[in-house]
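Every number here is computed from the coordinates shown, using simple stated rules; none is lab data. A quick note: this is a predicted structure, and the numbers were derived from the prediction, not measured. No Cβ is skipped: glycine too gets one built from the backbone with ideal geometry, and neighbour counts run over all protein chains shown.
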Amino acid sequence: MAYEAVWMNNPDKLNKFEFVKREKDGLDVIRTIIDQYAKEGYASIPEDDMNRFKWAGVYEQKPKDGHFMMRIRINTGIMTSAQARAIASIGRDYGRDLIDVTTRQAIQYHWLRVENLPDIFKRLEAVGLYSYEACGDCPRTIVGNPLAGIDPNELMDTREIVEQVNDFYLLNRDFSNLPRKYKMSISSNIYNNANAEINDLAFAPATKVIDGEEVVGFHVYVGGGLSAKPHLAKELDLFVRPEDVLKVSIGVTTIFRDYGYREKRHQARLKFLVADWGPEKFLEKLKEIIGDMPTKGENKIVGWNAVYYDGVYPQKEKGLNFIGLNVPVGRTNSSELEQLADAADQFGDGTIRTTMSQNIILAGVPDDKVEAALQLPVLQRLSPNAKPFMSRTVSCTGNEFCNLAVVETKERARRVAEFLDENVQLDEKIRIHFIGCPNACGQKHIADIGLQGALVKTPDGMVDAFDIAVGGILGPGAKFNQSLKGRVKGDDLGGVLVQLINFYKEGRESGETFH
Ligand code: SF4
């Protein structure tokens, strides 16, 4: 039943947050923050508007004492050096210097106060950046190929498409009240570097012969998502030309807005509607909105690189290179980001690129400048040659700042990676992801080893512990990792992982990989 019809006929079928959204659009809170709360202070913010802060890209930070975290959308993960400097200076002025790279290529601040927000919004807007709708029940940051435009492994440059789709949805009140968060991915990289299958809507590389000519375009995946009930997105029988991406996305988003479930929030993501309808019925409804389109062509995804680029690699254009840097557990700071901005201007093409593996890429470095770039002080910590486990460890925010967290993650993830690098020798890089609760912001399900925080009772009280799952992968043969029995105390985690990896190392067959 369409959304308006539910309101008219069955309002008792709506969860209580639907009434909060209906009473005042989430986007309206941006103006209220600027005009009222920033002047009157934290204590003046009522609960309903505090919940709407997400539409401004802002969440209350643990322990709810007047500090906030904020996400900034970085479309397809590409920012200019000027944007990076603006992000760094805001982080220094208001965010105690902390800059996190998220698993959706966004930048995350902590420690902000409501009084700071108008100035932050203004300074971001001045360089064409926005935190708006980076959170909330709306279309969020559009992830994509961080190498778009320079990637030898892309069928086409997707930057303009991402900008077009972003510009359509950003602050668009026709789509600012969706049943739940809504995540899009657009990439033409043949190694699936925007993790198509875990997004609500994804456009992935494909070709099709139409009227005797091979057309480069996209296949469409719908209904992916992680959290407590993870779903791999379903591929629709559709081939989409580049010029039709926006139209198809509007069709899918309209279905979600009008037919998505609004009764129980934990069953409101698009994945539940897609699972109930199936891809055939979903496509039928989509075609009622967008008209007919060609059926599938040839899927061009040939593998999955898990979005890792550490090292130096040649770009599409001869003589130019990109340098993939490790950002340990996704955490950097204002000074490092400024140094990277300077490096991008001095040695590269003036861009800095964030990846879904929480890392950073410097692009456009000519052959004869690579060696000098590698000597930069900032590249000694944010290294292109990080140790194997540190280079493959991802972590969500955890209970340092996140109100939903059960356990601490980031610092533990860093220490465990260090411990493994000291105690395990392996000729293969194993991806380890930490999450602090079932919401799975650290994308535990797609890791070689996924670690989900929980608590266990001990004689000394409740302590941090982790459930372990192994063998997640995307791309051809995509599957989420499988849970192992038992729960490991946080302090024992390093030792248990050494045993687990050595067990694999000793038992593996020739050519066998961890996943
Ligand atoms: Fe917070 Fe849970 Fe997300 Fe980690 S996974 S950042 S603990 S909501």
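Sites listed here are trypsin sites (Lys or Arg not before Pro) in region 186-280 whose DSSP assignment is loop and whose Cβ has at most 14 other Cβ atoms within 10 Å: K264.
When both bridge partners sit in the chain, DSSP labels roughly 80% of those beta bridges antiparallel. Roughly how many whole Å is it from the C-alpha centroid of region 233-290 to that of region 465-506? Centre-to-centre (Cα) distance: 34 Å. Taking 0.36 nm per residue of sequence separation and removing the Cα-Cα distance, the E418/K369 pair yields an extension gain of 14.5 nm.
Calculate the tail of P(r) for the chain: the fraction of all Cα-Cα distances greater than 37 Å, expressed in %. Roughly 27 percent, once rounded to a whole number. Absence of a disulfide-compatible partner, taken as no other cysteine beta carbon within less than 4.7 angstrom, is noted in the chain for C135, C138, C402, C437. Looking at region 287-361, the trypsin sites (Lys or Arg not before Pro) that sit in a DSSP loop and have at most 15 other Cβ atoms within 10 Å of their own Cβ are K296, K316, K318. Of the residues A417, G477, N385, the one whose Cα sits farthest towards the positive end of the charge dipole of region 344-491 is G477 (charges of +1 on Lys and Arg Cβ, -1 on Asp and Glu Cβ, taken about the Cα centre). Using R0 = 25 Å, the C-beta based FRET efficiency linking D93 and D345 works out to 0.70. For region 189-198, putting each phi into the Karplus relation 6.51 cos²θ - 1.76 cosθ + 1.60 with θ = phi - 60° gives couplings of 7, 6, 9, 6, 7, 10, 6, 3, 6, 10 Hz, in residue order, rounded to whole numbers and with x for Gly and Pro. Measuring spread by the Cα atoms of region 282-343 yields a radius of gyration and Dmax of 20.4, 52 Å. So what J values fall out for region 106-115 if you push phi through Karplus, 6.51 cos²θ - 1.76 cosθ + 1.60 with θ = phi - 60°, rounded to Hz, Gly and Pro as x? Coupling constants for region 106-115: 8, 10, 10, 9, 10, 6, 6, 10, 4, 5 Hz.
If you average the C-alpha positions of region 391-462 and of region 146-210 separately, how far apart do those two centres end up, in angstrom? Distance between centres, Cα-based: 28 Å. From the square roots a ≥ b ≥ c of the eigenvalues of the alpha-carbon gyration tensor of region 402-455, which class results: rounded (a/c under 1.5), prolate (a/b over b/c), or oblate? It is oblate, given that a/c is not under 1.5 and a/b is not larger than b/c. Calculated from the alpha-carbon coordinates, region 186-258 shows an Rg and a Dmax of 12.9, 46 Å respectively. For region 125-276, the Kirkwood hydrodynamic radius from C-alpha pairs, put into Stokes-Einstein at 10 °C and a viscosity of 1.306 mPa s, yields a diffusion coefficient of 101 µm² per second.
Under 5 Å between amide hydrogens, built in the peptide plane, is the criterion, and for Q358 it picks out Q105 among residues at least 5 positions away or on other chains.
Site pair Q164 and V302 shows an inter-label distance of 2.7 nm when each label is modelled 7 Å from Cα along Cα→Cβ. Take the Cβ atoms of R173 and D65, set R0 to 35 Å, and the FRET efficiency comes out at 0.60.
Measuring between alpha carbons in the structure, the pairs from K316/K479; K457/K485; K183/K296; K181/K285; K16/K183 lying more than 26 angstrom apart are K316/K479. Note that region 58-64 has calculated 3J(HN,Hα) couplings of 10, 10, 6, 9, 5, x, 6 Hz, one per residue in order, obtained from phi through the Karplus relation 6.51 cos²θ - 1.76 cosθ + 1.60 (θ = phi - 60°); glycine and proline are x. Placing pseudo-labels 7 Å out from each Cα toward the beta carbon at D427 and K13 gives an inter-label distance of 6.0 nm.
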